[in-house]
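Step one of this worksheet: look at the structure below.
Rule-based calculations on the coordinates, nothing more; no lab input. Computed from a prediction, not measured in an experiment: that's the story for all the values here. Neighbour counts run over all protein chains shown; Cβ positions are idealised from the backbone, glycine included.
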Amino acid sequence: MPRVSSLHIYPIKSCRGLDLKAVRFDMLGPAYDRRFMLVDGDGCFLTQREESRLALVEPALGPTSLQVKAPGMPVLKIGQASKDARRLEVSIWKDRGEAEDVGEHAASWFSQFLGRPCRLVRFPEGAVRPVDPDYARFDAATALADGFPVLLTTTASLEQLNQRLQPPVPMNRFRPNVVVEDCEPFAEDSWRQIRIGELVLDVVKPCARCTMVNVDQLRGRRLEQPLSALAEFRKRDNEVFFGQNCIHHSFGSIRVGDEVEVLESNPKVAIAGEPSDSGQK
């Protein structure tokens with residue numbers, strides 16, 4: 001039976017993640033996951049695609065604040081949201097909406113570290129950012145993730161990729177929320193609905209990958225692999241895939257060691273080679 005191998009959240013989009021033994025889910029996905037992000041002067045989101053050194057920014061959850069560390073920088077403490085926080089128009093790909101400006105101190109801290117002007121913003125309390133309705137069976141939302149609230153990968157799929165690589169890469173290159181073990185390589189391609197602990201999740205869309213997977217998450221440096229190796233056997237319609245985007249049905253928690261029950265599947269799905277008839281885009 002497949003089971004959860006590890007769980008991860010990323011409080012600040014594109015910064016270092018946290019490894020957890022249990023994760024609580026709210027309406028937007030894993031609690032505290034991607035609730036902050038950096039934007040440029042036009043409000044466009046910044047990630048490791050442009051700024052690989054974001055991998056060196058290390059958030060930590062405190063009782064009343066988010067503490068942030070980075071090489072050569074003092075500890076930054078981010079308190080609770082202010083009722084009179086300034087709202088900024090921001091964008092993530094084609095999505096546009098409002099976010100709360102965290103303030104001048106945080107903006108100065110990140111601007112100094114990256115060597116460019118930027119601002120830290122927070123997803124507003126009570127805000128809703130709908131996921132693409134083409135993939136959702138019901139009204140679903142996310143915070144500041146690229147498009148979906150949950151990213152799932154499997155250890156067997158990584159092991160198969162690493163057979164083509166020297167040296168192998170760790171799972172943190174792919175920045176998942178849920179990592180599953182004890183299944184066949186790329187079994188997740190055929191899953192359509194699963195149950196983990198208290199949650200039911202729809203597995204809705206394979207995750208298209210970019211050069212960000214080539215960033216060493218410990219050193220913040222861009223390397224040559226694994227994107228090209230992945231493209232040799234996981235490319236379809238000019239996109240390269242690893243992992244699956246998911247939408248959760250309800251609130252609740254999941255824990256490392258929880259069994260993963262496959263409720264619905266489509267064994268005809270194929271990522272490499274000819275597209276399947278699954279209707280995925």
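Treating each Cα of region 153-199 as an identical point scatterer and summing with the Debye formula, the log10 of I(q)/I(0) at q = 0.30 Å⁻¹ comes to -1.24.
Using only the C-alpha atoms, the convex hull of region 31-71 corresponds to 96 Å³ per residue. In order along region 138-146, phi translates into HN-Hα couplings of 8, 5, 9, 9, 9, 9, 10, 5, 4 Hz, rounded to whole numbers, per the Karplus curve 6.51 cos²θ - 1.76 cosθ + 1.60 with θ = phi - 60° and x for Gly and Pro.
Full extension of the chain between Gln166 and Glu125 gives 10.3 nm of extra length, using 0.36 nm per residue less the Cα-Cα distance. At what distance in nm do the modelled label points of Ala136 and Arg192 sit from each other, each positioned 7 Å from its Cα along Cα→Cβ? That separation, rounded to one decimal, is 2.1 nm. Put in line by how crowded their Cβ is, counting other Cβ atoms within 10 Å and starting with the fewest, Met73, Met171 read Met73, Met171. Taking all Cα pairs closer than 8 Å and separated by 6 or more residues, the relative contact order of the chain comes to 23 percent.
Going by neighbour counts of Cβ atoms within 10 Å, the residues His248, His8, His105 line up, fewest first, as His105, His8, His248. Near Cys207, the amide H atoms lying under 5 Å from its own belong to Phe242, Gly243, Gln244, Asn245; only residues 5 or more places off or on other chains count, and H is placed 1.01 Å from N.
Exposed loop sites are taken as GluC sites (Glu not before Pro) in a DSSP loop (any state but H, G, I, E or B) with at most 12 other beta carbon atoms within 10 Å; the longest stretch of the chain without one runs 1-124.
Backbone amide hydrogens, once placed in the peptide plane, bring Val260 within less than 5 Å of Arg3, Val4, excluding anything fewer than 5 places away on its chain.
Restricting region 80-140 to chymotrypsin sites (Phe, Trp or Tyr not before Pro) that sit in a DSSP loop and have at most 16 other Cβ atoms within 10 Å of their own Cβ leaves Trp93, Phe138.
Each listed q (0.13, 0.17 Å⁻¹) maps to a log10 I(q)/I(0) for region 30-127 from the Debye sum over equal C-alpha point scatterers, namely -0.42, -0.75. For Val180, the residues whose amide H sits under 5 Å from its own are Ser5, Thr153, Thr154, Thr155, ignoring neighbours fewer than 5 places away on the same chain, with H placed 1.01 Å from N. Karplus-based coupling profile of region 39-46, in residue order and whole Hz: 10, 8, x, 9, x, 7, 5, 10, with θ = phi - 60° in 6.51 cos²θ - 1.76 cosθ + 1.60 and x standing for Gly or Pro.
Shown here is the pair-distance distribution of the chain: with all Cα-Cα distances grouped in 10 Å bins from zero up to the longest one, the shares run 6, 29, 36, 23, 6, 0 percent. With θ taken as phi - 60° and the Karplus curve 6.51 cos²θ - 1.76 cosθ + 1.60 applied, the whole-hertz 3J(HN,Hα) list for region 192-198 is 10, 8, 9, 10, 10, x, 8 Hz, x standing for glycine and proline. Highest mean packing first, where packing is the average number of other Cβ atoms within 10 Å per residue, the peptides 75-84, 21-30 line up as 21-30, 75-84. Of Met212, Met1, the sequence from fewest to most neighbouring Cβ atoms within 10 angstrom is Met1, Met212. Overall, the chain carries a charge dipole of about 780 debye about its Cα centre when +1 sits on the Cβ of Lys and Arg and -1 on the Cβ of Asp and Glu, all other atoms neutral.
Loop-located trypsin sites (Lys or Arg not before Pro) in region 166-246 (DSSP state other than H, G, I, E, B) with a sparse environment of at most 14 neighbouring Cβ atoms within 10 Å: Arg219.
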